[in-house]
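Written below as structure tokens is the structure these notes are about.
Laboratory data are not the source of any read-out in this text; all were calculated from the coordinates shown. Predicted model only: the values in this text are computed from it and were never measured. Every residue, glycine as well, gets a Cβ built from its backbone with ideal geometry; the counts of neighbours run over all protein chains shown.
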Amino acid sequence: MIAVSRLRQVSWTDVVPVLGAVVLALVWGRDLGAVLVTIVALVLAGTVLAAVHHAEVVAHRVGEPFGSLVLAVAVTVIEVALIVTMMISGGPETASLARDTVFAAVMITTNGIVGLSLLVGAFRYGVTLFNSEGSGAALATVATLATLCLVLPTFTASTPGPEFSTSQLAFAAVASLALYTTFVLTQTVRHRDFFLPVTADGEPDAEEHASPPSARETWTSLALLLVALVVVVGLAKVESPAIEAGVQAAGFPPSFVGVVIALLVLLPETLAAGRAARRDRVQISLNLGYGSAMASIGLTIPAIALASVWLDGPLVLGLGPTQMVLLALTVLVSVLTVVPGRATRMQGSVHLVLLAAFLFLAINP
């Protein structure tokens with residue numbers, strides 16, 4: 001009976017990451033046919049769902065905003081590994097892959113995750129409430145990082161093209177890492193209450209109704225979360241030839257590969273943010289959205305700067321005119337969304353339309 005009881009405690013969310021790791025080991029380095037591509041895609045989708053579950057278990061145990069930080073940093077570290085791997089294997093043709101992926105991540109998080117969360121929360125509760133001080137600080141950090149790392153390279157004169165010189169890239173990397181570290185310390189130590197869900201009276205509310213998981217369950221979920229994230233990126237890398245072929249067959253620009261990578265990598269956070277919004281904890285959703293955008297720039301650019309020592313070819317970071325207009329409009333709309341500390345379906349819809357515009361112009365520039 002004991003063995004049966006223990007067996008029943010094992011859920012599909014525990015099995016799928018391990019299954020995904022086995023599938024990844026079997027298909028790594030192989031040319032996949034249509035059937036295997038489909039199977040890998042299904043396992044990838046299941047692993048994403050399992051990652052969301054285990055991230056929520058860890059978040060519930062450690063509390064906010066640490067839970068959102070765990071998922072944002074974990075996903076971004078894996079995203080960096082994927083970008084560097086593809087740049088090494090792709091050669092000079094992938095010179096703009098880091099820029100395309102990071103910019104796509106910023107647009108998906110600040111418009112997609114935020115817009116979806118506001119819309120879900122507003123449909124369920126009428127008006128969504130959040131802390132404008134914490135969300136405003138996060139948005140300001142995202143805007144500064146994006147301008148420093150993605151806009152300025154277009155206007156610097158030390159090197160031709162939208163590139164930083166070696167010293168400029170080093171400064172951007174150090175400044176990005178310092179700014180991200182400062183924000184994390186602010187979020188988790190000095191002003192933690194700015195990033196907690198708020199009540200109708202505007203007071204911080206850190207409590208969940210369900211009892212937190214045990215330490216053993218938390219460590220197990222953390223281990224499975226890390227496995228799941230590695231599997232997600234590994235399977236995405238395995239699927240990348242099919243993705244590139246699909247993008248080419250559809251007639252989309254090569255830069256759209258970066259959009260697809262960002263969509264795949266950010267899927268766990270998108271699902272987690274949507275589920276938090278359904279529980280009327282939109283602040284957690286905003287922590288995930290802005291935190292992921294911040295980590296995507298603040299960790300990716302320093303890592304790419306370090307990797308550029310070994311990478312051949314140029315490193316294109318500067319955005320084009322259309323992308324800069326979308327970024328500026330996103331920052332402006334985000335400010336108007338965050339400042340009141342509450343939002344309705346209107347704000348969520350505006351952000352989702354901006355995401356749709358970004359995706360459309362990425363396909364049809």
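Odds and ends about this structure:
- In this label model, residue 346 and residue 159 are separated by 4.6 nm, measuring between points 7 Å along each Cα→Cβ vector.
- With θ taken as phi - 60° and the Karplus curve 6.51 cos²θ - 1.76 cosθ + 1.60 applied, the whole-hertz 3J(HN,Hα) list for the range 286-298 is 5, 4, 5, x, 6, x, 5, 4, 5, 5, 4, 8, x Hz, x standing for glycine and proline.
- FRET efficiency for the residue 144 to residue 185 pair, using the beta carbon distance and R₀ = 22 Å, is estimated at 0.85.
- Mean separation of Cα contacts under 8 Å (6+ apart) over length of the chain, as relative contact order %: 38
- Using a Gaussian network model of the chain in which every pair of alpha carbons under 10 angstrom is joined by a spring, one finds that among 345, 99, 279 the greatest mean-square fluctuation is at 279.
- Calculated from the alpha-carbon coordinates, the chain shows an Rg and a Dmax of 20.3, 73 Å respectively.
- Using a Gaussian network model of the chain in which every pair of alpha carbons under 10 angstrom is joined by a spring, one finds that among 334, 158, 285 the greatest mean-square fluctuation is at 158.
- Rounded to the nearest 20 debye, the dipole magnitude of the chain is 460 debye, with +1 charges on Lys and Arg beta carbons, -1 on Asp and Glu beta carbons, and the Cα centre as origin.
- Spin-label zone in the range 214-240 - amide nitrogen under 16 Å from a point set 7 Å from the Cα of residue 263 along the C-beta vector: 236-237, 239-240
- A simple packing score, the average count of other Cβ atoms within 10 Å per residue, orders the peptides 129-138, 13-22, 352-361 as 129-138, 13-22, 352-361, with the highest score first.
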